[in-house]
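This report concerns only the one structure given below.
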Amino acid sequence: MKTRVIVVRHGESTFNVKRIIQGHHDESLLTEKGEAQARRVGQFLKGITIDVAYCSPLKRAARTAALIAETVGLSCAPEPTDLLKEISLPLWEAKSFADVEVEYPDEYRAWRHQPNDLKMAVPQADGTTQMFYPVRAIWQQAAKFWQGLLDKHQGKTVLVVAHSAINRALVGTAIGLGPESLNRMYQANCGVSVLNFPGEWGERAQLESMNSTSHMGTPIPVLRSGFKGPRLLLVRHGETEWNRESRFQGQIDIPLNDNGRAQAAQAGEFLKVIPIDGAVSSSMMRPKETAEIILQQHPAVSLAVTEGLWEISHGQWEGKFEHEIKAEFPGMLDAWQAQPETVQMPDGENLQDVWARAVDAWEAIVTQYSHQKTPQTVLVVAHDAINKSILCYVTGLGPEAFWQFKQGNGAVSVIDYPDGEGSEPMLSAANITAHLSGSLFDTTAAGAL
């Protein structure tokens, strides 16, 4: 039985507003807006059975956790633990980002571009200095937290309320990312993420969703200041009848069903307030129709299509149900579900084939919309395997991590390129489906690919 963990970042704090580095410093408090954000998280989580809650003991996170617990009506108070404290940045805490950039240029550059290598010479009580690697330390801290949680709460639903860097470390360690990936993920104030652990610590988790912010009135996280490159809105097509039946479709050109068209319309309404500058879709019917329905809210935007974003070819599996595949191709479906990177579809593709063309198509879009006068927002609509490959790629994972990312029909993910083509991408949100059901959880059809 899976262990489900809901991860929340604290609400807006006084130091957030002033652009002051917080770390372990504990004078920062929630603003009035931050308190309202915390209550909105509580409203969003109402109706979900939460078995246990943990929080950072730092005031801004502990207060957020208390407000969520009060609004939800949790029977248990959130338990504080030092393992959820924010990253320790001892030489920088209580200083502004602007001042730190001037005083510690090399270290600040490492923080932004090579976080695994960030080091600080920290003075000790005996007059010596000790070299400290903050990002490596927070990754170790996150792993220790997960091990303890999974030892105690197998099969439970757990709420975790903490901070930006520790939350990124929690997500990263859960899905197999190292400390070098710190800046490949974003956590907004009171953004909500969901992780599903299949068993004990050591088995990689599935990222069901990340950094959902719609409960705060912003459909997707606000673009961070200073970002100059494109923002790509990656959407999976709406439901087909074969999705509903759990029949493998691959490159058989199945259209949307009525529910799929409704999901596309819901995605369109969800993204209605987001200015969109361009749109690209797989040329297959189900994503193309999804994109066209979404763009009804953006009539000035034309849609380009490409075969590079076509779904994986399942070859002889296409049109079949799982039980038929198991009978005709013994052991292959189990291998696909356990080690997808090892499977060659009979008369079809393997993940390396899909990866290569998906990444080529994706990078072409990034290049096309980079180097503009203003940051461009681009709608990209594709398929389950394509989207999962792209999400692995932008986070720095390989094809073996294919099943770490969930992709619901009509789900929205957000990938930002701070400096456009060639810059390290940031996953700002993943598999957001609240617009489809009003729920934090993905309730779309499990469906075959």
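The values are calculated or read from the model by the stated rules, or taken from the named source; none is laboratory data. Owing to the predicted nature of the structure, the values given are computational and were not obtained by experimental measurement. Heads up, the Cβs are rebuilt from the backbone with ideal geometry, glycines too, and the neighbour counts pull from every protein chain shown.
List of remarks:
- Residue selection: GLU208 fails the criterion of being touching a Phe, Trp or Tyr at 6+ places or on another chain (Cβ under 8 Å), part of a loop (DSSP other than H, G, I, E, B) and not assigned by TED's automatic domain parsing to the domain that holds GLN297.
- Residues (β-branched (Val, Ile, Thr) and assigned to a loop (DSSP other than H, G, I, E, B)) located in segment 120-141: THR128
- Lone qualifier among ILE175, ILE138 - being in contact (Cβ under 8 Å) with a residue 24 or more places away in the chain and under 16 Å from LEU89 (Cβ atoms): ILE138
- Any chance ALA66 is buried (at least 22 other Cβ atoms within 10 Å of the Cβ) and either of a type in the set (A, V, I, L, M, F, W, C) or not in a helix (DSSP H, G or I) (or both): no
- Flag if LEU440 is under 22 Å from PHE227 (Cβ atoms) and buried (at least 20 other Cβ atoms within 10 Å of the Cβ): no
- Just one residue in the set LYS144, LYS228 is in a helix (DSSP H, G or I), basic (Lys, Arg) and surrounded by fewer than 23 Cβ atoms within 10 Å (Cβ to Cβ); that residue is LYS144.
- Each residue in segment 19-44 was checked for being among the basic types (Lys, Arg), touching a Ser or Thr at 6+ places or on another chain (Cβ under 7 Å) and over 30 Å from LYS156 (Cα atoms), and 1 of them qualify.
- Spans of helices (runs of 4 or more DSSP H) in segment 317-405 with at least 2 residues closer than 30 Å to GLY268 by Cβ and either of a type in the set (S, T, N, Q) or without any contact (Cβ under 8 Å) to a residue 40 or more places away in the chain (or both): 351-368, 384-395
- Residue match in segment 332-349 (condition: more than 22 Å from SER389 (Cβ to Cβ) and small (Gly, Ala, Ser)): no
- Test result for ILE87, closer than 30 Å to ASP51 by Cα, under 27 Å from the mean Cα position of the chain (by Cα), in a loop (DSSP other than H, G, I, E, B) and at pLDDT 95 or above: yes
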